[in-house]
Amino acid sequence: MLKIGVTGGIGVGKSIVCRMFAVLGIPIYDADTRAKWVMRYDEALKQELTDAFGTDSYTADGELNRAYLAKTAFHNPQKLALLNSIVHPHVAKDFIDWAAANSSAPYLVKEAALMFESESWRQMDEIIAVFAPMDVRIKRLLQRDTHRTQQDIEAIIGKQLKEEEKMARAQHIVYNDDQQLLILQVLKLHEQFLSKV
């Protein structure tokens, strides 16, 4: 089965591209949403996180303490690397199980901001990098994430792999720059992928 990865930095529009594939009948695996689910319900992962970051990693009712983990790991490169090294293998296994459950589809799409950083690109047959100029991304994010400042957004972008590197490593690029029609780009890719299955 053909597995397509969709990646790109925060604010480029990965989700809208994936929604277009979903409208075309293609199952979408949202790595961010699934990671949150796995971190909540995978008992082995919960134990690993608690061992690594302490009992405050989860609230008394078993919910992931996102604020605590963000405060503990986000500004510390070693702790962030440790957090990712614990979570990513569990998400990779979850994707394998999900792909098996969706094996009747013509192809599958996995959306992940950290496709290259997490090494999950290795599970994919082809990668689409979604690109948008920095000023467009910041404008979108300030409208979408009203709790974030421009400095917050720039800090997040600064921690992600550079867009040029993602584009160089991807087999396909979708331009979400408010200049080119997204749907035409997605339809062209959809036809290409269907011709390979």
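The values are calculated or read from the model by the stated rules, or taken from the named source; none is laboratory data. Keep in mind that this is a model prediction, so the values were computed, not measured. Here Cβ is always computed from backbone atoms with ideal geometry, including for glycine, and neighbour counts include all displayed protein chains. For accessibility, only protein heavy atoms count, side chains too; no ligands or nucleic acids. Shrake-Rupley method; radii C 1.70, N 1.55, O 1.52, S 1.80 Å.
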* Structure fact -> Reported set for the stretch 1-42 where residues are closer than 23 Å to Q179 by Cα, in contact with a strand residue (DSSP E or B) (Cβ under 8 Å, 6 or more places away or on another chain), surrounded by 19 or more Cβ atoms within 10 Å (Cβ to Cβ) and among the small types (G, A, S) is G8, G13
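Yes or no: the stretch 20-30 includes at least one residue that is at pLDDT below 90 and either on the phi > 0 side of the Ramachandran plot or assigned to a helix (DSSP H, G or I) (or both).
no
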* Inspect all residues belonging to the stretch 152-173 and state whether any of them is in contact (Cβ under 8 Å) with a residue 60 or more places away in the chain, within 16 Å of A22 (Cβ to Cβ) and touching a helix residue (DSSP H, G or I) at 6+ places or on another chain (Cβ under 6 Å). => no
* **Among (1) in contact with a strand residue (DSSP E or B) (Cβ under 6 Å, 6 or more places away or on another chain); (2) at positive phi - the single one G54 does not satisfy** => (1)
* Qualifying positions in the stretch 168-183 - open to solvent by less than 90 Å² (accessible area, probe 1.4 Å), over 17 Å from D135 (Cα atoms) and not aliphatic (A, V, I, L, M) -> H172
* Looking only at the stretch 135-148, decide whether some residue is in contact with a Leu (Cβ under 8 Å, 6 or more places away or on another chain) and over 10 Å from G11 (Cβ atoms). => yes
